[in-house]
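Single-structure report; data block below.
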Amino acid sequence: MILFTVCGFRFAIAASAVSEIRGLEALQRFALGSPGASYLRSAQVDFTVERNGTIYFVVDAARHFRLPPSNPTRVLILRPVAAAIQVDSTDRMMEISVLHALPQAFSGDERNWYRGLAVMNGDVVPVVNHNAFLSKAEMAVLKSAVQRVKGAAAV
């Protein structure tokens, strides 16, 4: 597991779900002045990053988890999806022996956000579901928007 922090809260993500951890230098602003722009804002995507010919849509983790705005310094490039997440910091890698099921108190969106809970050095840490940052429908809309922009630029 890779431990990361957003707004002072610690989260974990499977190391196999992260292909790379980067700084913010390569981020490119993603904004469209089209009718779909309001939908794109709801998807928490403000930036893209291109790696090895693939465009990754960067999700603000603070907005995704409905936390106050934060100071991201790192981007976790995910796999196998074309998504990445902005986080405040990365801590370290740790092994877990047990992934505990989410208690019934977790309801609504957080049941999709998290795979379960892990206990690490006596602390309970939510383990995020890397597929929950962007749905297949959101990803399709974002990819389509990029194609429209590329098509318009070619004209």
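The values are calculated or read from the model by the stated rules, or taken from the named source; none is laboratory data. Keep in mind that what you see is a predicted model, and the values were worked out from it rather than measured. Cβ atoms come from the backbone with ideal geometry, glycine included; neighbour counts cover every protein chain shown. Protein only, heavy atoms only, side chains kept; ligands, DNA and RNA dropped before computing areas. Shrake-Rupley method; radii C 1.70, N 1.55, O 1.52, S 1.80 Å.
Considered as a group, the residues in region 121-132 that are open to solvent by 20 Å² or more (accessible area, probe 1.4 Å), modelled with pLDDT of 90 or more and farther than 21 Å from Y56 by Cα include one that is nearest to the chain's Cα centre (by Cα), and that residue is P126. In the set S89, S144, S135, S107, only one residue is open to solvent by 20 Å² or more (accessible area, probe 1.4 Å), under 14 Å from the mean Cα position of the chain (by Cα) and farther than 19 Å from L3 by Cβ; that residue is S135. Scanning region 3-20 for residues being surrounded by 14 or more Cβ atoms within 10 Å (Cβ to Cβ), touching a residue at least 60 places away in the same chain (Cβ under 8 Å) and over 20 Å from R63 (Cβ atoms) gives a total of 3.
For every residue, the table says whether it meets (1) open to solvent by 70 Å² or more (accessible area, probe 1.4 Å); (2) touching a strand residue (DSSP E or B) at 6+ places or on another chain (Cβ under 6 Å); (3) at pLDDT 85 or above; (4) assigned to a strand (DSSP E or B).
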site	(1), (2), (3), (4)
V49	no, yes, yes, yes
I55	no, yes, yes, yes
V81	no, no, yes, no
V119	yes, no, yes, yes
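Is it the case that region 97-108 has a residue that's in contact (Cβ under 8 Å) with a residue 40 or more places away in the chain and not small (G, A, S)?
Start the filter on region 97-108 by keeping residues that are in contact (Cβ under 8 Å) with a residue 40 or more places away in the chain, which leaves none.
For region 97-108, residues in contact (Cβ under 8 Å) with a residue 40 or more places away in the chain and not small (G, A, S): absent.
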